[in-house]
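Peer 1: Mind having a look at this structure? Questions to follow.
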Amino acid sequence: MEWRTLDSTPFLPPLYWRAALKRKITGSTLPDEGLRCHLRVNPEHLAAYRQVCGFADSPVLPGTYPHVLAFGLQMQLLTDKQFPFPLLGLIHLSNRIRIHRPLGGVSHLMVGVHANNLQPHAKGATFDIVTTVQDSLGLLWEAESRMLCRGVKLEGTPHDDHVSATGDVSELARWKAPADIGRRYARVSGDYNPIHLSALTAKLFGFPQAIAHGLWSLARTLAALDENVPAANVEIEVEFNKPVRLPSEVILLAHAAGASGELLLKGMGDLQHMAGKWHPIA
């Protein structure tokens, strides 16, 4: 893996244009280059993120916040000419976060992103967007977002990793996902994917209504879990199932506080939006 270090986080508007213009699959191998950049936590932006995602004020960063810090780097990586798949149309299947040490008292960070683990899938191919955050002591936080690109043909046997939950969980919280949450989350995350913004723009991509960002649903879930999940030495993994259509109400079911546990995010009529678990880092 070769790293290219940027002087500042990428400017997003040109990257949106790149994403909009690229519609074809141009290859079947991932680039062997990662992007990284020194970043600082902006207290005002962090406060806005907390408000949109339901996190209480705290000296510790929300466990999902580094995804937002890394979004510009991820966009540049995925819209680069060397990247073989079009960004529009990628499906976020699952997410795994590892918090190695408490995310408290951190402001100067080195954030890196790269793509790896290209695998055949029954509907195309999957790959991981890997994001790492380091401070002066070393690796602090890392995550893998597994993405599906339909229509890619790879040699090999398709595999399908499932994050299963036992169902032996009880209701912990429920909340409304309002019609405008996609636009509100876009303003703090930078992710203006049309499927999240309005029913009108979502219909252009085959959705009858706008759907919530998967990372907003995950963030809102971690905010509701609060002290149920340890603040460090924890791995949190979730699989995104049926999307949360906007507006709607969702129900979080989870195990009680502990080093390990499982969670389910459901909608009305027993619709399963997300299944997940947390446990100590192996």
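Peer 1: With the chain treated as a Gaussian network of Cα nodes joined by springs under 10 Å, which of Leu88, Leu21, Leu246 yields the largest mean-square fluctuation?
Peer 2: Leu21
Peer 1: Suppose every K and R has +1 on its Cβ and every D and E has -1 on its Cβ; what is the size of the dipole of the stretch 1-161 about the Cα centre, in Debye to the nearest 20? Numbers along the way, then the final one.
Peer 2: On the way: 16 positive and 14 negative charges, 102 e Å.
Here the stretch 1-161 has a charge dipole of around 480 debye.
Peer 1: Of Phe85, Phe240, Phe205, which is the most mobile in a GNM of the chain whose springs link Cα atoms less than 10 angstrom apart?
Peer 2: Between Phe85, Phe240, Phe205, it is Phe205 that shows the largest mean-square fluctuation.
Peer 1: Per 0.36 nm of contour for each residue apart, how much would the distance between Arg23 and Lys176 grow if the chain were fully extended, relative to their Cα-Cα spacing?
Peer 2: Details: separation 153, 0.36 × 153 = 55.08 nm, distance 3.41 nm.
Going from the current span to full extension adds 51.7 nm.
Peer 1: Could you size up the charge dipole of the chain around its Cα centre, putting +1 on the beta carbon of Lys and Arg and -1 on that of Asp and Glu, and report it in debye to the nearest 20? Mind showing how you got there, number by number?
Peer 2: On the way: 27 positive and 26 negative charges, 220 e Å.
In debye, rounded to 20, the chain gives about 1060.
Peer 1: Just to verify a number: FRET efficiency for Arg150 and Met268, C-beta to C-beta distance, R0 = 35 Å, to 0.05? Please report the intermediate quantities before stating the final value.
Peer 2: Numbers: r = 28 Å, r/R0 = 0.81.
Once the sixth-power term is evaluated, E becomes 0.80.
Peer 1: Taking 35 Å as R0, compute the FRET efficiency from the Cβ-Cβ separation of Asp226 and Gln119 and round it to 0.05.
Peer 2: Between Asp226 and Gln119 the formula returns 0.50.
Peer 1: Only Cα pairs within less than 10 Å get springs; with that Gaussian network setup on the chain, which residue of Leu87, Leu200, Leu109 has the largest fluctuation?
Peer 2: Leu200
Peer 1: List the extent of the Cα atoms of the stretch 130-279 along each of their three principal axes, largest first, rounded to whole Å.
Peer 2: Here the spans come out as 43, 41, 37 Å, largest first.
Peer 1: Give me the number: length gained by fully extending Glu33 to Asp168, i.e. 0.36 nm times residue separation minus the C-alpha to C-alpha distance, one decimal in nm. Don't skip to the end; give the middle numbers.
Peer 2: Working: separation 135, 0.36 × 135 = 48.60 nm, distance 4.26 nm.
Result for the pair: 44.3 nm of gain on full extension.
Peer 1: Can you tell me how much longer the chain between Ser58 and Leu200 gets when fully stretched, taken as 0.36 nm per residue apart minus their C-alpha distance, in nm with one decimal? Don't skip to the end; give the middle numbers.
Peer 2: Numbers: separation 142, 0.36 × 142 = 51.12 nm, distance 3.71 nm.
Going from the current span to full extension adds 47.4 nm.
Peer 1: Roughly how many nanometres apart are two label points built 7 Å out from the Cα toward the Cβ at Thr157 and Phe11?
Peer 2: Here the modelled spin labels are 5.0 nm apart.
Peer 1: Given the -39500 (n - 2.57) contribution per DSSP H run of 4+ residues, what per-residue ellipticity at 222 nm results for the chain, rounded to the nearest 500 deg cm²/dmol? Walk me through the numbers before you get to the answer.
Peer 2: Details: 7 runs with 61 residues, N = 282.
Only helices count here, giving -6000 deg cm²/dmol.
Peer 1: Return the subset of Lys123/Lys242; Lys22/Lys176; Lys203/Lys242 for which the Cα-Cα distance in this structure is over 26 Å, preserving the input order. Don't skip to the answer; put the middle values down first.
Peer 2: Values: Lys123/Lys242 16 Å; Lys22/Lys176 35 Å; Lys203/Lys242 17 Å.
Too far apart for the 26 Å limit: Lys22/Lys176.
Peer 1: With all protein chains present and a 1.4 Å probe, how do Tyr16, Tyr185 order by accessible area, largest first?
Peer 2: Values: Tyr16 65, Tyr185 10 Å².
Largest to smallest exposure gives the sequence Tyr16, Tyr185.
The values are calculated or read from the model by the stated rules, or taken from the named source; none is laboratory data. Computed from a predicted model, the values in this text were never measured in an experiment. Cβ coordinates were reconstructed from backbone atoms using ideal geometry, including for glycine residues, and neighbour counts include every protein chain displayed. Note: areas computed on protein heavy atoms with side chains; ligands, DNA, RNA excluded. Shrake-Rupley method; radii C 1.70, N 1.55, O 1.52, S 1.80 Å.
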